[in-house]
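The values are calculated or read from the model by the stated rules, or taken from the named source; none is laboratory data. Keep in mind the model is a prediction, meaning the values are calculated, not measured. All accessible areas refer to the heavy atoms of the entire protein, side chains included, with ligands and DNA or RNA removed. Shrake-Rupley method; radii C 1.70, N 1.55, O 1.52, S 1.80 Å.
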Amino acid sequence: MRAGPVRVGVIGTGVMGADHAWRLDEAISGAVVSAVVDMDIGRASRVAAGLDGARVALDAMELIAADDVDAVIVASADETHEAFVLACLAAGKPVLCEKPLAPTASAARRILDAEQAHETPLISIGFMRRFDPGYLELKAVLNRGSVGAPLVVHCIHRNAGAPAGVTGAEVVTGSAIHEIDVARWLLDEEIVAVTARSPHHRRRAGSAPDPLLLSLESESGTVVDVEVFVDASYGYDVRCEVVGETGAISLDAPAATVVRLEGQRRESLAADWRPRFSEAYRRELQDWVASVRAGTPSGAATAWDGYLATVVAGAAVESLARGERVVIAEPERYGAAG
Ligand code: ISE
């Protein structure tokens with residue numbers, strides 16, 4: 001067990017990086033944020049000013065190599081993940097990388113290969129649904145066999161507003177990838193084929209495929225249908241239902257309070273994923289910090305999970321472009337594609 005707190009460096013102080021830094025500072029035991037960095041130095045400085053003793057690093061590579069950084073969170077733009085995660089591996093430092101591990105399967109594969117040179121896995125991926133109490137209970141009930149074998153899984157993933165200019169590929173690798181990971185994790189199976197469609201485009205979402213509909217087929221034939229909105233207008237809404245041979249299990253979206261007033265029963269919805277998944281983020285970070293202190297792998301998704309999620313995401317992007325079902329070849333599914 002490492003003596004003293006883990007000194008964490010945070011790369012990227014946008015929405016998620018700032019949230020992780022704040023949470024580490026306020027709500028996680030055994031860690032301190034020692035350094036932050038961002039393309040926007042003003043943004044990094046503002047985040048550092050709100051933390052207890054964090055400095056602003058010169059650049060991401062300086063932060064990764066620094067003696068006052070034991071472990072790194074990568075929460076920068078998706079296309080920068082590969083260079084930063086590879087640098088963490090070269091420095092032998094544990095890294096919690098936000099999803100996706102990389103925007104393409106080939107980049108994720110290079111990271112996976114580099115990690116394999118290390119005896120202990122160093123990479124954890126921020127698929128936080130794996131730490132959400134609701135998803136964990138759903139998986140536990142499924143694993144107990146209470147509803148029999150799963151036949152269909154319905155995933156709904158609605159965001160309240162779209163970032164300007166988001167592309168179809170980004171909706172898949174930035175948003176739908178959570179559901180791809182959930183499908184593999186819940187079913188304990190690989191995805192063998194994907195069909196992606198975007199029947200009606202919402203004007204508010206610009207050119208983004210909104211909604212994006214995916215149909216994922218698992219090895220044993222379970223179908224996972226996924227609906228993603230980048231801009232559903234009304235709030236952040238994530239749901240999941242598994243229908244089995246003898247019953248169904250659904251996620252109950254947590255709301256802190258229910259107001260009964262004037263003949264109505266109202267629950268509020270979060271504006272984005274941070275409040276909805278705050279407990280999942282807390283558990284994910286606490287687990288990661290504990291694993292870094294103990295020098296053991298974390299309970300988070302691994303580089304392998306991150307790689308396979310990008311393989312399925314790549315097939316979804318291809319299906320969207322071709323308008324056809326895309327079969328994922330066996331070598332890719334089992335990581336043999338070089
Ligand atoms: C965002 O980047 C996240 O990771 C959220 O969890 C997800 O719900 C959202 O769709 C993404 O844009």
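For Phe127, the residues 5 or more places off, or on other chains, whose built amide H falls under 5 Å of its own are Ala301.
For Leu112, the accessible surface of its heavy atoms amounts to roughly 0 Å² (probe 1.4 Å, protein chains only, rounded to the nearest 10). Across Ser220, Ser124, the residue with the most accessible area heads the list, and the full order at a 1.4 Å probe is Ser220, Ser124.
Semi-axes of the equivalent ellipsoid for region 70-173, please: Cα gyration tensor eigenvalues, times 5, square-rooted, ordered largest first, whole Å. Could you put the intermediate results ahead of the total?
Values: eigenvalues 167, 89, 33 Å².
Result for region 70-173: semi-axes of 29, 21, 13 Å.
Taking the three principal axes of the alpha carbon atoms in the chain, the coordinate ranges are 59, 53, 43 Å, sorted in descending order. Heavy-atom accessible area for Met61, with the other protein chains in place and a 1.4 Å probe, reaches approximately 90 Å².
At a 1.4 Å probe radius, carbon and sulfur cover how many percent of the accessible area of the chain?
On the way: 7760 of 14670 Å².
C and S atoms contribute 53 percent here.
Phi angles of region 236-251 translate, via the Karplus equation with coefficients 6.51, -1.76, 1.60 and θ = phi - 60°, into HN-Hα couplings of 8, 9, 10, 9, 8, 9, 10, 9, x, 4, 10, x, 9, 10, 10, 6 Hz per residue; Gly and Pro are given as x.
Computed from Cα atoms alone, the Kirkwood hydrodynamic radius reported for region 200-271 is 15.3 Å.
With the contact rule set at Cα under 8 Å and sequence spacing of 6 or more, what percent relative contact order holds for region 239-338?
On the way: 54 pairs, mean separation 11.0, N = 100.
11 percent.
Accessible area per residue (1.4 Å probe, heavy atoms of protein chains only) ranks Ser175, Ser146 as Ser146, Ser175, with the largest value leading. At q = 0.27 Å⁻¹, what is the log10 ratio I(q)/I(0) for region 257-338, with the Debye formula run over Cα points and no solvent? The Cα Debye sum returns log10 ratios of -1.17.
Axis of helix 303-322 versus longest Cα principal axis of the chain: the two differ by about 50°, to the nearest ten degrees. Seen against the Cα atoms of the chain and their longest principal axis, helix 278-294 is set at about 50 degrees.
Return the calculated 222 nm mean residue ellipticity for the chain, to the nearest 500 deg cm²/dmol, obtained by summing -39500 (n - 2.57) across DSSP H runs with n ≥ 4 and dividing by the residue count.
Helix contribution divided over all residues of the chain: -10500 deg cm²/dmol.
So what's the angle, to the nearest 10 degrees on a 0 to 90 scale, between helix 105-115 and the longest Cα principal axis of the chain? Once rounded, one gets 40 degrees. With every protein chain in place and a 1.4 angstrom probe, the accessible-area ranking of Glu284, Glu330, largest first, reads Glu330, Glu284.
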